[in-house]
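Take a look at the structure below.
Values quoted throughout were computed directly from the atomic coordinates according to the rules given, and no laboratory measurement underlies them. In this text the structure is predicted, and so the values were computed from the model without any measurement. Cβ placement follows ideal geometry from the backbone for every residue including glycine, while neighbour counts extend to all protein chains displayed.
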Amino acid sequence: MKKFCVIFALAVLLFSSCKRSQPEPAVLPTIKPAPTWKLQAIDGRALGSAELSGKVQVINFWATWCPPCVAEIPQLIELQKKYEKEGLVVVGVSVDQGGADLVKQFVADKKINYAVALVEPGLAEGFGNFEGIPTTFVVDRKGMIRLVHESYIDAEEFGKVIKPLLDAR
């Protein structure tokens, strides 16, 4: 019994270590402009606010070692697949420090269908200081941040925010 309690405590610690609290998803009461940003995706293409202008963007800060981040990936894959033709772009911004090869292999293993890039200095601060990962920003077609969500979020909750933004042209 003692061994089970220790394993359970370690599991709870592991799953809670990526994020301190779990706020409810909500559209921001005050909409603010997204920062201007530019990254190179791990596949080599340019990725940034200029390239994604006019699209609804889901920008997800994550890491390969974060269990809630990994659990969220199938939701993001599904969102990309479901809403891509309507103008949605999902971008995964990895905060891993293991380098591009680690992230490329992870992306291949998980069959991630959306753009992934490594974080650059100052990018996270440009979006606002957040406490943990996963942290996701939803940016509307006009470049305004409409949602900031720290912790795991499922596709249904994403859909409640994203669908009206996709419908607004």
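Using only side-chain charges placed at the Cβ, +1 for Lys and Arg and -1 for Asp and Glu, the dipole size of region 26-167 relative to its Cα centre rounds to 480 debye. Taking amide H atoms as placed 1.01 Å from N in the peptide plane, the amide H of residue 91 lies under 5 Å from those of 58, 59, 60, each 5 or more residues away in sequence or on another chain.
Overall dimensions of region 81-158, expressed as equivalent-ellipsoid semi-axes from the Cα gyration tensor (√(5λ), whole Å, largest first), are 21, 18, 12. Projecting the Cα atoms of 133, 165, 71 onto the dipole axis of region 26-167, where Lys and Arg carry +1 and Asp and Glu carry -1 at the beta carbon, places 165 farthest toward the positive end. Using θ = phi - 60° in the Karplus curve 6.51 cos²θ - 1.76 cosθ + 1.60, the 3J(HN,Hα) couplings for region 114-127 round to 10, 5, 10, 9, 8, 4, 10, x, x, 5, 4, 5, x, 7 Hz; x is entered for Gly and Pro. Among the GluC sites (Glu not before Pro) in region 103-169, those placed in a DSSP loop whose Cβ has at most 11 other Cβ atoms within 10 Å are 131. Measuring against 25 Å, Cα to Cα, the residue pairs 104/163; 32/160; 81/142; 111/142; 82/160; 32/111 contain 104/163; 111/142; 32/111 as the ones spanning a longer distance. For region 26-167, with equal point scatterers placed on the C-alpha atoms only and solvent neglected, what are the log10 I(q)/I(0) values from the Debye formula at q = 0.15, 0.21 1/Å, to two decimals? Cα-only, vacuum Debye calculation for region 26-167: -0.67, -1.48. Taking trypsin sites (Lys or Arg not before Pro) across region 32-124, the ones in a DSSP loop with at most 12 further Cβ atoms lying within 10 angstrom of their Cβ are 45, 111.
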